[in-house]
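The values are calculated or read from the model by the stated rules, or taken from the named source; none is laboratory data. Remember, predicted model here, so these are calculated numbers, not experimental data. Every residue, glycine as well, gets a Cβ built from its backbone with ideal geometry; the counts of neighbours run over all protein chains shown. Ligands, DNA and RNA are excluded from the accessible area calculation, which covers all protein heavy atoms including side chains. Shrake-Rupley method; radii C 1.70, N 1.55, O 1.52, S 1.80 Å.
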Number of protein chains: 2
Amino acid sequence: MREGPDIARIASLVGDPARANMLTALMGGTALTASELALEAGVSLPTASSHLSKLMEGGLLTVASQGRHRYYGLAGPQVAGMIEAITGVAAAVGPQRVRPGPRDAAMRVARVCYDHLAGEQAVAMLDRLVARQVLIRDDKEIRLGPSAVSHFAAIGIDVESKARRPVCRACLDWSVRRSHLAGTLGAAILDKILLEKWARREKDSRAVVFSPLGKQAFERVFLA
Amino acid sequence: MREGPDIARIASLVGDPARANMLTALMGGTALTASELALEAGVSLPTASSHLSKLMEGGLLTVASQGRHRYYGLAGPQVAGMIEAITGVAAAVGPQRVRPGPRDAAMRVARVCYDHLAGEQAVAMLDRLVARQVLIRDDKEIRLGPSAVSHFAAIGIDVESKARRPVCRACLDWSVRRSHLAGTLGAAILDKILLEKWARREKDSRAVVFSPLGKQAFERVFLA
DNA sequence: AGGATGCTTCGATGATGGACGAACTATGCG
DNA sequence: CGCATAGTTCGTCCATCATCGAAGCATCCT
């Protein structure tokens, strides 16, 4: 018999299909209402509500009440990382992945991971930023290089961090198996991409699709 | 409704207390027999056997038959990483962590993670190896530096890789939140440490305790 | 105020799956 | 060959928990 962190409790929370669907939906990064999550999970509203309170109690979710809406979101990057890790194992282990399918292809290229960009594009971007020494990775820690502030300011991104959350963080990409940029900077870059309409989010999916011109712009700015 | 990698299936496998205990026990890295795992999980042999076959079917475990013994082990580093990620969330979320306790302190300093060393010591070691350019980390990928082969040969470690498994891999440390060295090299270093008796494994725990002289030797070789 | 919408709580139902004892198979030992 | 040990399979019992309809709060709109 052993004890310690109650891993079974956390895992069993993710272990229910309805809850797993909800968490996966929240990996998109946008907070969702109880009704939306019920739809997403394919259960009735009361059932969803019950699941949500369990996830809350387990500390996996945060909620923000706005009027009569309650927006549920993942409790933090650590939770998002856990979901990615589980997804990675499930994808590796599952023999059910017969045809990759177009949606999956798009997902591999670029997708939203919690609040930042993931996929091949994101991995390439981090590689390039490190190669140009805009960012410096020491260990797994990623730091800002000397030129970072001016570099990002020129693009219109403010890298000053007020939040307690780190500016840069490495996040393992389950499709490419290498890391991409997370943290407030990662989130700001994704904001920028969507704001400039270089890419749009695929409906009901985490996939992010670049327009031809948007792709050029993105590559000019981040992969040059 | 969504589909994709069946994350609920995997998570629910980990979500049962008995199975979670088994998996946690296997994080020690040594393969265990069904009876040992039954004891570890606190269930009867038939029950354990049933759990083990489920874990096998889920692809989380591998088994090696030797005579009338069947040694069960984690299916791979990816699975070990997932368990670490879940453990991290459980530790962060669990309010039950009242007193850190001596065992936990020892765990933070040095512990076994699947088949390599984790904890503060392990993180410090990787930092130092990278700083000395024995190892080079590009992205999350860690490569051997030019001097690596001779450097490790001098200590008596052969870095040639025959296995399909990578020689170097970064593994996120849930206590320190930075990565340490995994892969065949990480495993070889742990072997070396235990073989030279610089440290011993705490009974019934993943903690690794260095002797005073062993600590000196380890620091001379890896942190110089 | 009154009505509509979003969400939660309650209560009853049903199914999944975890538990163990007993019987069965397989390997090793003398 | 027979006995002991390691492990699996089978059958049954039992508890947990997911599910939904109906009713109860809370908030917004007019």
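Couple of notes before you dig in:
- Matching residues in the stretch A:31-58 - criterion: being in contact with a Leu (Cβ under 8 Å, 6 or more places away or on another chain), at the interface with another protein chain (Cβ under 10 Å from one of its Cβ atoms) and not acidic (Asp, Glu): A:Gly58
- Any hit, the stretch A:59-79, residues being part of a helix (DSSP H, G or I) and within 12 Å of DNA strand C (Cβ to nearest atom): no
- Qualifying residue in the stretch A:137-158 (condition: of a type in the set (A, V, I, L, M), part of a loop (DSSP other than H, G, I, E, B) and at pLDDT 80 or above): yes
- Output for the stretch A:6-31, where each listed residue is more than 17 Å from A:Ala90 (Cβ to Cβ), open to solvent by 30 Å² or more (accessible area, probe 1.4 Å) and not in a helix (DSSP H, G or I): A:Asp6, A:Gly29, A:Thr30, A:Ala31
- Residues in the stretch A:44-58 that are surrounded by 18 or more Cβ atoms within 10 Å (Cβ to Cβ) and within 11 Å of DNA strand C (Cβ to nearest atom): A:Ala48, A:His51, A:Leu52, A:Leu55.
- Of residues in the stretch A:202-214 being more than 14 Å from chain B (Cβ to nearest Cβ) and in contact with a helix residue (DSSP H, G or I) (Cβ under 7 Å, 6 or more places away or on another chain), the one farthest from A:Cys113 (Cα to Cα): A:Phe210
- Selected residue (criterion: nearest to B:Leu195 (Cα to Cα)) from residues of the stretch B:107-121 that are charged (D, E, K, R) and outside any loop (DSSP other than H, G, I, E, B): B:Arg111
- Hits in the stretch A:32-48 - residues which are part of a helix (DSSP H, G or I) and within 12 Å of DNA strand D (Cβ to nearest atom): A:Ala34, A:Leu37, A:Ala38, A:Leu39, A:Ala41, A:Leu45, A:Pro46, A:Thr47, A:Ala48
- Tally, over the stretch A:14-30, of residues that are of a type outside the set (A, V, I, L, M) and either in contact with a Lys or Arg (Cβ under 7 Å, 6 or more places away or on another chain) or at the interface with chain B (Cβ under 7 Å from one of its Cβ atoms) (or both): 6
- Criterion: under 19 Å from B:Asp6 (Cβ atoms) and in contact with a strand residue (DSSP E or B) (Cβ under 9 Å, 6 or more places away or on another chain) - qualifying residue of A:Met27, A:Met56: A:Met27
- Any hit, the stretch A:60-67, residues being within 10 Å of DNA strand D (Cβ to nearest atom) and within 12 Å of chain B (Cβ to nearest Cβ): no
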